[in-house]
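Trainee: For reference, the structure I am asking about is given below.
Since every read-out is calculated from the coordinates, none of them should be taken as a lab result. Note that this is a predicted model, so its numbers are computed, not measured. Glycine gets a Cβ as well: all are built from the backbone with ideal geometry, and neighbour counts include every protein chain shown.
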Amino acid sequence: MIDETLGKIWYSCLLSGVLYNLTTIKWNSLPKILFLLNCVYRSSLPRIDASRHCFIDSYYSNVLYGRCLATLGEIGFVIEVNRLLDSSYRFSKNVERNNKLGFLVHVLCRNLLLISVIIAQCFCWIAIISGSNFYHVIEESIWVAMGLYLFIRSVIFTGIKREIIKDFYINCTLISGLYVAYMVAFDIPMYLFRSLETTNQGHQDFTCKTVSTKISDFGLTAVQFTGYFIIGPQVLENIVYMRKRINERMSYVV
C-alpha cells in the first residue's frame with residue numbers, strides 16, 4: 001500500500017514538473033521542442049523500455065512511440081550543445097583572441113559529439129529490442145564519455161577573461177562534472193546490475209508486459225526519470241539562452 005502511494009506521489013511530481021516546464025520554457029528552437037515533447041510524453045507514461053514494464057497500461061505506453069521521441073529529443077539536445085560550443089568557440093577566438101583549441105580540433109570534436117549520440121541511440125535500440133540491459137551499459141558509457149569531453153573542454157576554457165563566457169564555462173564545468181559523477185555512481189551500475197540479474201529475453205513487440213504503480217518496481221529509474229524529465233528541459237533552456245547571450249555580446253563587441 002505504501003509502495004503504491006509513494007509511486008503515485010512520484011508520478012504526481014513528474015506531472016507537476018512537466019507542467020512547470022511547459023509554462024516556463026520558450027518554444028523557440030526545434031531541437032529544444034523535440035526534447036521537451038519527448039520529456040512530456042515519456043513522463044506522462046513512465047516505463048522501463050527493455051523489460052516493457054509500465055506505470056500505466058495504455059495503448060500509448062507502447063515503447064516504440066516513446067523511444068522514437070527520445071531518439072529525436074536526445075539528438076536535438078546534443079545539437080543545441082554543439083551550437084553553444086560553436087558560439088563560445090567563436091567568442092573566445094574572435095573576441096578573446098584565445099587559441100587554446102584549434103579550429104580543426106574544434107570541428108573534429110563537434111562531429112565526434114554528434115556521431116557519439118547517434119551511436120548511443122543505436123545501442124539503446126538494440127537494448128530495447130533484445131531486452132538486454134548490457135547494451136544500455138554501453139549506451140550510458142558513451143554518454144559518460146561525452147560528459148567527460150564537456151568537462152575537460154570547460155576546464156581548459158575557464159581562464160577566459162570576459163565575464164559572460166567565463167561564467168558559462170565555470171557553470172559547464174560544475175554541471176558536466178556532476179553529470180559524470182551521477183552516471184558513474186548510479187546510472188551505469190543500475191543497468192549493469194539489471195544485465196546481471198536477468199537473462200536476455202527478447203520481446204516480439206513493444207507493448208507493456210507488466211504494469212505496476214509501485215515505486216520499488218522502478219527503483220533508481222525513478223530518480224533517473226525525475227532528473228531527465230524535469231531538470232533536463234531546464235538545462236536545455238539555459239543552453240539556448242546562453243548561446244543567444246553570447247551571440248549578442250559577440251556582435252556588440254565585434
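Trainee: So if I check each of ARG67, ARG83, which one is farther than 29 Å from PHE168 by Cα, among the charged types (D, E, K, R), touching a helix residue (DSSP H, G or I) at 6+ places or on another chain (Cβ under 9 Å) and assigned to a helix (DSSP H, G or I)? Give the derivation first.
Mentor: Working: ARG83 fails: farther than 29 Å from PHE168 by Cα.
The conditions single out ARG67.
Trainee: Here are some residues: LEU112, LEU101. Which one is outside any helix (DSSP H, G or I) and free of Cβ contacts under 8 Å to residues at least 60 places away in the same chain? Show your work before the answer.
Mentor: Details: LEU112 fails: outside any helix (DSSP H, G or I).
Answer to the selection: LEU101.
Trainee: Quickly run through segment 219-254 and pick out the residues that are of a type in the set (D, E, K, R) and closer than 12 Å to PHE35 by Cβ.
Mentor: GLU237
Trainee: Search segment 1-29 for residues being of a type in the set (A, V, I, L, M) and over 25 Å from VAL63 (Cβ atoms), and hand back the single one that is surrounded by the fewest Cβ atoms within 10 Å (Cβ to Cβ). Outline the logic, then answer.
Mentor: Our first condition is that a residue be of a type in the set (A, V, I, L, M); within segment 1-29, this holds for 1-2, 6, 9, 14-15, 18-19, 22, 25.
Those left that are additionally over 25 Å from VAL63 (Cβ atoms): 1-2, 25.
Working: MET1: 6, ILE2: 9, ILE25: 19.
Filtering segment 1-29 for residues that are of a type in the set (A, V, I, L, M) and over 25 Å from VAL63 (Cβ atoms), the one surrounded by the fewest Cβ atoms within 10 Å (Cβ to Cβ) comes out as MET1.
Trainee: Do you know which residues across segment 161-197 are more than 17 Å from MET146 (Cα to Cα), among the aliphatic types (A, V, I, L, M) and free of Cβ contacts under 8 Å to residues at least 40 places away in the same chain?
Mentor: ILE170, MET190, LEU196
Trainee: Okay, moving on. State whether one or more residues within segment 146-157 are of a type outside the set (Asp, Glu), crowded, with 16+ Cβ neighbours inside 10 Å, closer than 23 Å to ALA50 by Cα and more than 16 Å from the chain's Cα centre (by Cα).
Mentor: no
Trainee: Out of (1) assigned to a helix (DSSP H, G or I); (2) farther than 16 Å from ILE165 by Cβ, what's the single condition that is false for SER132?
Mentor: If we test SER132 against (1) assigned to a helix (DSSP H, G or I); (2) farther than 16 Å from ILE165 by Cβ, just (1) comes out false.
Trainee: Run down GLU80, GLU4, GLU74 and say which single residue is under 25 Å from VAL137 (Cβ atoms) and of a type in the set (Asp, Glu).
Mentor: Numbers: GLU80 fails: under 25 Å from VAL137 (Cβ atoms); GLU4 fails: under 25 Å from VAL137 (Cβ atoms).
Result of the check over GLU80, GLU4, GLU74: GLU74.
Trainee: Which one is surrounded by the most Cβ atoms within 10 Å (Cβ to Cβ), of the residues in segment 30-73 that are under 19 Å from the mean Cα position of the chain (by Cα), over 20 Å from ILE118 (Cα atoms) and hydroxyl-bearing (Ser, Thr, Tyr)?
Mentor: Restricting to residues being under 19 Å from the mean Cα position of the chain (by Cα), over 20 Å from ILE118 (Cα atoms) and hydroxyl-bearing (Ser, Thr, Tyr), the top hit is SER43.
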